Amino acid sequence: MLLLTPLSHLDELEAAIAESCERPVLLFKHSRTCGVSCEALDELHAHVERSEVRAGYKLITVQSHRRLGEEAAARLGIRHETPQAILLREGRPVWSASHFRITKRQLEGVLKSF
């Protein structure tokens, strides 16, 4: 089973961006107090449990790591939202989605194309 790795420090974010030069990395920004975010996280877990794609899956929880979430937005040039999924390849974002657009089916399709 693939793991959803929590990020808590800037150096971990930088390592995830570097990892995207070797394989796709999906960065997921999550809010524990948002029902939509919890549903999107469930969709991500459903995808991760069955995915055959060799990818890295990273999690930023905004309540405990808000600054890291904001830094990810600034570093990647994508407006901060939660929930938010950002697919990285070669050190840059190639796809992103937020709210109800984060579904198991959507994640499978996007990750298979990269």
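The values are calculated or read from the model by the stated rules, or taken from the named source; none is laboratory data. Quick caveat, the model's predicted, so the values are computed rather than measured. These accessible areas exclude ligands, DNA and RNA; they are computed on the full protein's heavy atoms, side chains included. Shrake-Rupley method; radii C 1.70, N 1.55, O 1.52, S 1.80 Å.
With all protein chains present and a 1.4 Å probe, how do ARG101, ARG79, ARG23, ARG67 order by accessible area, largest first?
Ranked from most to least accessible, the order is ARG67, ARG79, ARG101, ARG23.
Tell me what the chain gives for mean residue ellipticity at 222 nm when only DSSP H runs of n ≥ 4 count, each as -39,500 (n - 2.57), the sum divided by the residue total, rounded to 500 deg cm²/dmol.
Helix-only estimate at 222 nm: -12500 deg cm²/dmol.
Just to make sure I understand: if all protein chains stay in place, what is the order of LYS58, LYS29 by accessible area at 1.4 Å, largest first?
Most to least solvent-accessible, the answer reads LYS58, LYS29.
Return the whole-Å distance between the Cα centroid of the range 53-114 and the Cα centroid of the range 19-37.
4
Rule-of-thumb check for the range 49-110: C-alpha Rg over 2.2 N^0.38 Å?
1.14
Report for the chain the percent antiparallel among DSSP-assigned beta bridges with both residues inside it, nearest 5.
Of the beta bridges lying entirely in the chain, close to 55 percent run antiparallel.
In Å², what does the accessible area per residue of the chain work out to with a 1.4 Å probe?
Ligands and nucleic acids excluded, the figure is 53 Å² per residue.
At a temperature of 37 °C and a viscosity of 0.692 mPa s, determine how fast the chain diffuses translationally according to Stokes-Einstein, using the Kirkwood radius over alpha-carbon pairs as Rh; express D in µm²/s, rounded to the nearest whole number.
For these conditions, the coefficient is 241 µm²/s.
Go through GLU49, GLU43 and list them by solvent-accessible area, largest first, probe radius 1.4 Å.
GLU49, GLU43
Tell me the relative contact order for the chain as a rounded percent, counting alpha carbon contacts under 8 Å between residues six or more apart.
36
In the chain, carbon and sulfur make up what percent of the accessible area (probe 1.4 Å)?
Accessible surface attributable to carbon and sulfur in the chain totals 48 percent.
Extension gain HIS45-HIS80, at 0.36 nm per residue separation less the Cα-Cα distance, in nm?
10.5 nm is the gain from fully extending HIS45 to HIS80.
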